[in-house]
Amino acid sequence: MSGPAAGDGIEDGRGESPWSAEILTLYPEMFPGPLGHSLAGRALDRGLWKLGVTQLRDYGLGRHRAVDDTPSGGGPGMVMRADVLAPAIDAAIEKCPGHALIYLTPRGQPLTQSRIRRLAAGPGVIVLCGRFEGVDQRLLDARPFEEICLGDFILSGGELAALVMIDACVRLLPGVMGAHASQAEESFEDDLLEYPHYTRPDVWEGRAVPEVLTSGHHERIRAWRQDRAEAVTRERRPDLWARREARRRGSGGGT
């Protein structure tokens, strides 16, 4: 695994221990995976964040290190056992005090950019990656889990969702992205989708870059981008637009 080991004492630019992610999974070989490449991978190598992975079968029962059992009341599939997972969770909490404890599940609250910003501003995350039919509800009730959902679809397990969530957090950490201004103009900032982008050549297959973008007039360019961002949000994400308008009215900025 790339990056410094947990507890190596490397500090970030704020004089604190680097942001870290602790993953509890049946498939540790999936990490760092994509997180070992591009922005996240370079930041991991530089010690800007840390990654720890726990194999849940290390806490399993019997010769086969079982972590699951049949559902109470019958039904298909298997359920991950609370008595197996709890020691792993408790060890992670002790190792990473103050970290957000997250279980990725279709029943969770939708993950938003604002929640990502808050997670990135904290010390890090502990992520339980579920498998099979999920985990015993008693574990979720007994530990301070936040249940999060990436979207209205089903994955084979929580690992892919964890990779996505962690990548979204890491790119916001100090020193990871060079252009801070670009973050402020990305989709979902200020409840807007991002405006369309263009580059050279100025004409391609008979389609020209909008004239305003080659005018050199910065205020006209800014106004055009704002207008396009608002238009595409109204068209494609009326839910975001409604939320933005409600927020503006609530702050006295509405018309």
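The values are calculated or read from the model by the stated rules, or taken from the named source; none is laboratory data. Just so you know, these numbers come straight off a predicted model, no measurement behind them. Note that each Cβ is placed from the backbone with ideal geometry, even for glycine, and that neighbours are counted across all protein chains shown. Each accessible area value is taken on the protein alone, full model and side chains, heavy atoms only, with ligands, DNA and RNA left out. Shrake-Rupley method; radii C 1.70, N 1.55, O 1.52, S 1.80 Å.
Details
- From Gly47, Gly36, Gly41, Gly15, residue being open to solvent by less than 60 Å² (accessible area, probe 1.4 Å), within 23 Å of Pro174 (Cβ to Cβ) and either modelled with pLDDT under 95 or aliphatic (A, V, I, L, M) (or both): Gly15
- Here the condition is being assigned by the TED database to the domain that holds Ala168, open to solvent by 60 Å² or more (accessible area, probe 1.4 Å), modelled with pLDDT of 95 or more and touching a helix residue (DSSP H, G or I) at 6+ places or on another chain (Cβ under 7 Å); of Leu119, Leu61, it holds for Leu61 alone.
- Residue count for region 29-75 satisfying the condition of being over 21 Å from the mean Cα position of the chain (by Cα) and in a helix (DSSP H, G or I): 4.
- Residue check, Leu111 under 21 Å from Cys149 (Cα atoms), crowded, with 19+ Cβ neighbours inside 10 Å and free of Cβ contacts under 8 Å to residues at least 60 places away in the same chain: yes
Quick grid of which residues meet (1) of a type in the set (Gly, Ala, Ser); (2) within 20 Å of Leu119 (Cβ to Cβ):
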site: Leu35; (1), (2): no, yes
site: Ala40; (1), (2): yes, yes
site: Ala43; (1), (2): yes, yes
site: Gly47; (1), (2): yes, yes
site: Val53; (1), (2): no, yes
site: Gly60; (1), (2): yes, no
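- Qualifying residue in region 42-56 (condition: closer than 25 Å to Ser156 by Cβ, touching a residue at least 60 places away in the same chain (Cβ under 8 Å), in the same structural domain as Ala121 (by the TED database) and β-branched (Val, Ile, Thr)): no
- When region 93-133 is filtered for residues that are in contact with a Phe, Trp or Tyr (Cβ under 7 Å, 6 or more places away or on another chain), part of a strand (DSSP E or B) and small (Gly, Ala, Ser), only Gly124 remains.
- Applying the criterion of being without any contact (Cβ under 8 Å) to a residue 40 or more places away in the chain and not small (Gly, Ala, Ser) to the residues of region 67-89, the residue that is surrounded by the most Cβ atoms within 10 Å (Cβ to Cβ) is Val84.
- Here Thr255 fulfils each of the conditions (1) surrounded by 13 or more Cβ atoms within 10 Å (Cβ to Cβ); (2) at pLDDT below 95 apart from (1).
- Complete set of residues in region 138-163 that are in contact (Cβ under 8 Å) with a residue 12 or more places away in the chain, exposed (fewer than 11 other Cβ atoms within 10 Å of the Cβ) and not in a loop (DSSP other than H, G, I, E, B): none
- Every listed requirement among (1) at pLDDT below 95; (2) in contact with a strand residue (DSSP E or B) (Cβ under 9 Å, 6 or more places away or on another chain) is met by Ala184 save one, (2).
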